[in-house]
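What follows is a short report on a single structure.
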Amino acid sequence: MTRIACLLLIALLPGLLPAAAAADIKAAQEIFFEANRAYKNQQFRKAIDTYQTLIADGFANGHIFYNLGNAYYRSGDLGRAILFYERARLLIPRDEDLKFNLAHAAGQTLDAPGDDRGRPAGDFPGLDSVNLFEAFFVFALLNLGFFLVLGTRLFRKTEWSYYAVIFLTLLIGIGACALALKWYGWRTDNRAVVLSGELDVHAGPDATDTVLFKLHAGTIVRHEREEDAWALIHLSPDKRGWTAANRIERIRTFK
């Protein structure tokens, strides 16, 4: 969905829903445009707070995450800019503006990119360019087509329907594999972003433990687990340790 389509949807929804829901959408619409005005007027802190209000009220989507990333970037907060760009990429992975801004922001991080293994979706051609809902929707359409053609063959067995069933069966098999990989990648996405400043990574979950290495704002790491106020992370197989959990934030925190 393009940004124009998103704006049209926000504008039309109040007239399509019951009164209570329409009032909520109307209020969200006003908050959305207020945040956009604040950003346009370079009131980036106000824009951030207003977009965060929308998210807290349950109106999160890829475009709001993208706008929030822009506001954080313009306010000088590289870590949170990359965090919200990455959240947006989970939902609108083909957005060219998002891809450009994310690449630009990532190019300003101080640490070398980490190990990106464990992302099965990346091994399936084209799967990184669709979100989980789109993958499920395409799979559902393939199944619908299959059963429609199969139903047609119950009344009239034609040659084209025979080959269509075979073709759709193959596509459904491929689609099932792709959807399973996409879902698994979504559920096991344990990436986190270093939020700000310079971050010490220790040998154990204690500030007195040896500092193994340092990370900087915007670096993406893998979050393994937490113990009290500490998180076990790794950047690569040879860079693994403990850091303060409140200095990083998981990318996939929403359902």
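Values quoted throughout were computed directly from the atomic coordinates according to the rules given, and no laboratory measurement underlies them. Just so it is clear, the structure is predicted and the values come from calculations on it, not from any experiment. Because the Cβ atoms are built from the backbone with ideal geometry, glycine has one as well, and the counts that use them run over all protein chains shown.
Give the lysines whose C-alpha is closer than 22 Å to that of LYS239, dropping any in the same chain fewer than 8 places away, or say none. Partners within reach: LYS214. Maximal additional length on extending the GLU34-ASP97 stretch stands at 20.5 nm, based on 0.36 nm per residue less the C-alpha distance. A crude spin-label estimate for the pair LEU141 and ILE172, with each label 7 Å from Cα along the Cβ direction, gives 1.7 nm. Add +1 for every Lys or Arg and -1 for every Asp or Glu among the other residues with Cβ under 13 Å from the Cβ of ALA81, and state the total. So the environment of ALA81 carries a net charge of +1.
Under a point-charge model restricted to the Cβ atoms of Lys and Arg (+1) and Asp and Glu (-1), what is the dipole moment magnitude of the chain relative to its Cα centre, in debye to the nearest 20?
It works out to roughly 840 debye.
Applying a length cut-off of 24 Å (Cα extent along the axis) and a mean Kyte-Doolittle floor of 1.6 to the DSSP H helices of the chain leaves 132-155.
Dividing the helix sum by the residues of the chain, where each DSSP H run of 4 or more adds -39500 (n - 2.57), gives a mean residue ellipticity at 222 nm of -18000 deg cm²/dmol.
Taking label positions 7 Å along the Cα-Cβ direction at both THR188 and HIS216, the computed distance is 3.2 nm, reported to one decimal. The Cα trace of the chain gives Rg and Dmax of 22.3, 77 Å, the first to one decimal, the second as a whole number. Under a Gaussian network description of the chain, with springs only between Cα atoms under 10 Å, the residue in ALA71, ALA176, ALA47 that fluctuates furthest is ALA176. Restricting the trypsin sites (Lys or Arg not before Pro) of segment 52-97 to loop positions (DSSP other than H, G, I, E, B) with no more than 13 neighbouring Cβ atoms within 10 Å leaves ARG94.
Under 11 Å from the Cβ of VAL130, count the other residues' Cβ atoms, weight Lys and Arg +1, Asp and Glu -1, and hand me the total.
Values: positive: ARG94, LYS182; negative: ASP128, GLU134.
Spelling it out: positives minus negatives among the neighbours equals 0.
With K and R counted +1 and D and E -1, the other residues having a Cβ less than 10 Å from that of PHE65 yield a net charge of +1.
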